[in-house]
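Structure record follows, encoded as structure tokens.
The values are calculated or read from the model by the stated rules, or taken from the named source; none is laboratory data. Since the model is a prediction, treat every value here as computed from it, not as a measurement. In this analysis, Cβ positions are derived from the backbone assuming ideal geometry, glycine residues included, and neighbour counts consider all displayed protein chains.
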Amino acid sequence: MTAIKPAPARLSQDDVRITAFEPAHLDGALRLSTEAVWPHRAEDWQLTLSVSRGVVALQDGKVVGTALCSAFGDVATMNMIIVDAQMRGRGLGRALMEQVIALGGARELRLTATADGLPLYEKMGFVACGEVCQQQGIAQAATPELSVRTGDAQDIPALAALDLQASGMSRAGLLGAIAAQGEVLRCENGFALLRDFGRGRVLGPVVARDAASAAALMAEAARRCAGGFLRVDLPADAGMGETATRLGLQAAGGGIAMKRDARTRAPSEYKTFALVSQALG
């Protein structure tokens, strides 16, 4: 697949230039996400950028818009799509999306939409396919009903193969990066990753063959985070909302899962019970 370099673009009416996202733009991107009341730290941006390409909109050198494309084999996620509040309603969001859609190439494209962004994404060919439920709070200690052990980075190739079955995304590099800074949880029929994020820690992905295994992995994460802030992003159809609530994690919004150019995938015994994040699927 030929990589497409984002072509510099200019919105003449606002003197805005769109160009490739570089590490030097991270401070400006963090300012945008903070103003949008997103919990991302600089480290969270860096992790996402490490597996992504993207674009920024610049006005007089100031970052006024961002959008990233994270390619994982045959699938890419569109994420971190933010427009400065003072620049909204001028077509900047569409211009940013056009650039990252081009970066996605012929892949299946996925994103998690807010209600505000939904109309634009629908016009650009994305179709709603489910909901993502964000649950978070102070984790309550729990005892897993199945045995859960600690894994390590050497487990990642095998776990990435299970993740590919469940999600359709080839994410060994991303999972390895998360494992290097976080914790790997394993049980007989699944795994989960736990890492620092935002206000505390986030659990994801949770990939398992059955709900009992997923619940055990979530309980172990809550035990390790007991008394601290924990977040999890759950596909609504995974049926883990009540489990999260029992662990002290309350509903705190979410988004609409969308796809463009969706592919048919082979059936799998494994399922994604919690996302890496709304950004990365």
Checklist outcome for this item: segment 192-281: strands (runs of 3 or more DSSP E) wholly inside it with 1 or more residues that are more than 21 Å from residue 147 (Cβ to Cβ) and modelled with pLDDT under 95 are 250-260
Next on the checklist: Against the condition assigned by TED's automatic domain parsing to the domain that holds residue 233 and touching an Asp or Glu at 6+ places or on another chain (Cβ under 8 Å), how does residue 152 come out, does it pass?
Outcome noted: no
Checklist entry - For segment 231-245, how many residues are of a type in the set (Ser, Thr, Tyr) and either touching a Cys at 6+ places or on another chain (Cβ under 7 Å) or surrounded by 15 or more Cβ atoms within 10 Å (Cβ to Cβ) (or both)? => result 1
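Counting just the residues of segment 24-72 that are part of a loop (DSSP other than H, G, I, E, B) and out of contact with any strand residue (DSSP E or B) (no Cβ under 7 Å at 6 or more places or on another chain), which one comes out farthest from residue 169 (Cα to Cα)?
Looking at residues that are part of a loop (DSSP other than H, G, I, E, B) and out of contact with any strand residue (DSSP E or B) (no Cβ under 7 Å at 6 or more places or on another chain), I get 60.
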Item to check | Yes/no for residue 179 being buried (at least 20 other Cβ atoms within 10 Å of the Cβ) and within 19 Å of residue 231 (Cα to Cα) | outcome: yes
Checklist entry - Restricted to segment 148-204, and to residues that are of a type in the set (S, T, N, Q) and closer than 23 Å to residue 259 by Cα, which residue is nearest to the chain's Cα centre (by Cα)? => result 167
Item to check | From the options 158, 172, 113, residue that is crowded, with 20+ Cβ neighbours inside 10 Å, modelled with pLDDT of 95 or more and not assigned by TED's automatic domain parsing to the domain that holds residue 55 | outcome: 113
Next on the checklist: Go through (1) in contact with a His (Cβ under 8 Å, 6 or more places away or on another chain); (2) of a type in the set (Val, Ile, Thr); (3) within 27 Å of residue 272 (Cβ to Cβ); (4) surrounded by fewer than 22 Cβ atoms within 10 Å (Cβ to Cβ) for residue 66 and report which single condition fails.
Outcome noted: (4)
Checklist entry - When residue 32 is evaluated against the numbered criteria (1) under 17 Å from the mean Cα position of the chain (by Cα); (2) closer than 22 Å to residue 254 by Cα, which criterion, by number, is the only one it fails? => result (1)
Item to check | Scope segment 1-48; condition modelled with pLDDT of 95 or more and of a type in the set (Ser, Thr, Tyr); matching residues | outcome: 19, 33, 34, 48
Item to check | Members of segment 105-121 found to be of a type outside the set (A, V, I, L, M, F, W, C) and either without any contact (Cβ under 8 Å) to a residue 12 or more places away in the chain or in contact with an Asp or Glu (Cβ under 9 Å, 6 or more places away or on another chain) (or both), listed by number | outcome: 107, 108, 112, 116, 119
Checklist entry - Quick one: would you say residue 146 is crowded, with 19+ Cβ neighbours inside 10 Å, in contact with a strand residue (DSSP E or B) (Cβ under 7 Å, 6 or more places away or on another chain), under 21 Å from residue 271 (Cα atoms) and not assigned by TED's automatic domain parsing to the domain that holds residue 32? => result no
Next on the checklist: Out of everything in segment 177-191 that is of a type in the set (A, V, I, L, M, F, W, C) and not in a helix (DSSP H, G or I), what residue ends up being nearest to residue 273 (Cα to Cα)?
Outcome noted: 191
Next on the checklist: What's the total number of residues in segment 69-89 that are surrounded by 15 or more Cβ atoms within 10 Å (Cβ to Cβ), charged (D, E, K, R) and either touching a Pro at 6+ places or on another chain (Cβ under 6 Å) or within 20 Å of residue 119 (Cα to Cα) (or both)?
Outcome noted: 1
Checklist outcome for this item: The one condition residue 142 fails out of (1) part of a strand (DSSP E or B); (2) of a type outside the set (Asp, Glu); (3) farther than 30 Å from residue 33 by Cβ is (1)
